[in-house]
Ligand code: GLA
């Protein structure tokens, strides 16, 4: 029996009906493009969130998380509503509760359940721990209540939970990556049509490794800066007379910028349009098997996020500059920014030297020691038993 199943049994006094898992993600490139109908290229991490669950017939939802000190959070189906998500120390419970709400709000026959959650996706590290929790919950409920939903549909319900119930206006990337990714591949997603392409991404056989550098600066997407970026992009699109910034072709960027009066808006637009172009160039290099040459695109993307989009922070900038100076082919912040993680593309035999250099630079700057791991593209959500 898995540890999650065993803990469920001990907690609730009877065996779970099954265990489901969904991974966190890193985004290789395509940052802050998903709410502009643009392109993204994330892959799933080996770290994942497991949910052991069983149905209940009394209209009650019981939620327990291994990482939370708050004990079992209990609510009834009747009191689920986007106005009253669990707050305070039980704030984590809003993510799974939001999934129950989103499915039921669409008229799907989902009843109560007991859930026990265990996760090794670090929270607040920009690695989509919330999407992992939402997608694992959505998959569990879909199986338990025999809902005929596709992976992209499950991801859409998970995102709706986050947007409308938790109140974070995130785009489609994180939940789609967690629900749909496959091992050994990055997921190239068109966030307008939701067309997906699985692109082989095998660093190891190219003698390369991708380091994920968790700066330990907790990012919070709910604090308003993310929503302000989104609003300025939507304003700029309206001013330019396009449905979304994705509709500004790279070749027409300069003309578009010349039509915008606000210098901040111009910088935001320049990031989004050049970032979509970087996704396209990354795809080309990956298709040609030229993995090593993708490094400069990563660093270029970071500078754009730092200077034009202004979502980096000193720790992320230090991680990127130090990794590049220590021999990385390129590196960048990944995810929403304002903290969280960076990734660095390095030769496999330079991993330790780059990691040591970043750790030493953080020590000298007086920052909390970073957590550095190597990541390989892993499988998306699945039923474990
Ligand atoms: C967060 C959001 C995503 C995406 C990224 C930035 O991770 O959840 O939808 O917008 O930021 O690329």
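Coordinate-derived values only; no laboratory data. The structure presented is a predicted model; accordingly, all values stated were derived computationally and were not measured. Cβ placement follows ideal geometry from the backbone for every residue including glycine, while neighbour counts extend to all protein chains displayed.
General observations
- DSSP beta bridges fully contained in the chain are about 90 percent antiparallel.
- Each of the peptides 18-28, 192-202, 165-175 was scored by the mean count of other Cβ atoms within 10 Å over its residues; in descending order, highest first, they stand as 18-28, 165-175, 192-202.
- Net length gained if the chain between residue 227 and residue 368 were fully extended (0.36 nm per residue, minus Cα distance): 48.0 nm
- Relative packing of 227-236, 247-256, 290-299, 91-100, which averages over residues the other C-beta atoms within 10 Å, highest first: 91-100, 290-299, 227-236, 247-256
- Report note on the peptides 257-270, 369-382, 311-324: ranked by the mean count of other C-beta atoms within 10 Å, highest first, their order is 311-324, 369-382, 257-270.
- The shape of segment 202-375 comes out oblate: with a ≥ b ≥ c from the C-alpha gyration tensor, a/c is at least 1.5 while a/b does not beat b/c.
- Over the chain, DSSP H runs of length four or greater, each weighted -39,500 (n - 2.57), average out per residue to a 222 nm ellipticity of -11500 deg cm²/dmol.
- Inter-part distance, segment 357-385 to segment 26-41, computed on C-alpha centroids, equals 21 Å.
- Principal-axis tilt of helix 314-325 within the chain, Cα atoms, nearest 10 degrees: 60
- Degrees, to the nearest 10: 94-105 long Cα axis against longest axis of the chain: 70
- The angle between the Cα long axis of helix 129-144 and the main principal axis of the chain comes to about 40°, on a 0 to 90 degree scale.
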